[in-house]
Amino acid sequence: MSNRTRAGLPFRQEEWDLLVRLPGRVVVAATSAQSDTPRRTVSEGLAGIDAIAAGRASSSRLVRGIVDTIDERADNDPPAAEEFSDPAAGIADVLDACRAATGVLSGCLDPGDSEAYRQWIASIAVQVCGESRSGGVLGAGGTRVSPAERRFLDDLTAALAD
C-alpha cells in the first residue's frame with residue numbers, strides 16, 4: 001500500500017483512513033451529545049454534511065484532499081444514517097480518535113495544515129451542535145447549544161489540542 005495519498009501528502013493508509021473517517025464520526029458524536037427528536041437529529045446530520053462539504057473551500061491541501069476522498073468513497077458506498085448504541089462510549093471513542101488524529105498530524109505535517117484540519121473538525125461539531133434548539137416547547141425557547149453539547153464541544157476542543 002502506498003504511503004502517498006491522492007492529495008500528495010505522506011500518510012500510511014491507516015492514518016489517512018483515520019483522518020478521512022473522523023469528520024463523519026464527529027457528526028455522529030455531535031448528534032449524539034444531546035438526545036433530540038428524530039427531526040432535530042436529521043437536521044443536525046444535514047448540517048454536518050454541509051460542514052464537511054465546506055472543507056472543499058479550505059486553503060488547506062489536506063482538508064481539500066480529505067473532502068475529495070470522502071466524495072470518492074461516497075460514490076462507491078453511499079452513507080447510511082448512524083447512531084451509537086451507547087452514546088457515552090461512542091463519543092469517548094470519537095474523542096480518542098481525535099487525539100490519535102492530532103498525533104498523526106503533529107508528526108506528518110506543517111503546522112498550517114494541522115491547524116486547518118483541527119479547526120475544520122471543530123467547526124463541523126459547532127455547526128451540528130448549533131443546528132437545533134434544545135429544551136423548548138413547540139419550537140419556541142430553549143437553547144441553541146445545550147449543556148451536554150457544550151461539554152462535548154469542550155471535550156472535543158481539548159482532544160484536538162496539541
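Here are the numbers for the structure shown:
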{"item": "Residue within the range 48-56 that is surrounded by fewer than 19 Cβ atoms within 10 Å (Cβ to Cβ), in contact (Cβ under 8 Å) with a residue 40 or more places away in the chain and assigned to a helix (DSSP H, G or I) present", "result": "yes"}
{"item": "VAL126 being modelled with pLDDT of 90 or more, part of a helix (DSSP H, G or I) and crowded, with 21+ Cβ neighbours inside 10 Å", "result": "no"}
{"item": "Residue match in the range 27-38 (condition: among the acidic types (Asp, Glu) and modelled with pLDDT under 90)", "result": "yes"}
{"item": "Per-region count, the range 7-35, residues in a loop (DSSP other than H, G, I, E, B) and either touching a helix residue (DSSP H, G or I) at 6+ places or on another chain (Cβ under 7 Å) or crowded, with 20+ Cβ neighbours inside 10 Å (or both)", "result": "5"}
{"item": "Contacts under 8 angstrom Cβ, first residue in the range 143-162 being over 15 Å from ASP93 (Cα atoms), partner modelled with pLDDT under 95 and surrounded by fewer than 18 Cβ atoms within 10 Å (Cβ to Cβ), 6 or more apart", "result": "THR143/ARG133; THR143/GLY135; ARG144/GLY130; ARG144/ARG133; VAL145/GLY130; SER146/GLY135; ASP162/SER106"}
{"item": "Every residue from the range 74-95 that is modelled with pLDDT of 90 or more, of a type outside the set (Asp, Glu) and under 15 Å from the mean Cα position of the chain (by Cα)", "result": "GLY90, ILE91, ALA92, VAL94, LEU95"}
{"item": "Any hit, the range 58-66, residues being in a helix (DSSP H, G or I), modelled with pLDDT of 90 or more and over 18 Å from GLU15 (Cα atoms)", "result": "no"}
{"item": "Search result, residues across the range 96-112 that are more than 16 Å from ILE52 (Cα to Cα), modelled with pLDDT of 75 or more and surrounded by 18 or more Cβ atoms within 10 Å (Cβ to Cβ)", "result": "ALA97, ALA101, THR102, VAL104, LEU105"}
{"item": "Residue in the range 135-148 that is modelled with pLDDT under 95 and either in a helix (DSSP H, G or I) or under 28 Å from PRO10 (Cβ atoms) (or both) present", "result": "yes"}
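The values are calculated or read from the model by the stated rules, or taken from the named source; none is laboratory data. Just so you know, these numbers come straight off a predicted model, no measurement behind them. Here the Cβ is made from the backbone with ideal geometry for all residues, glycine too, and neighbour counts use every protein chain on show.
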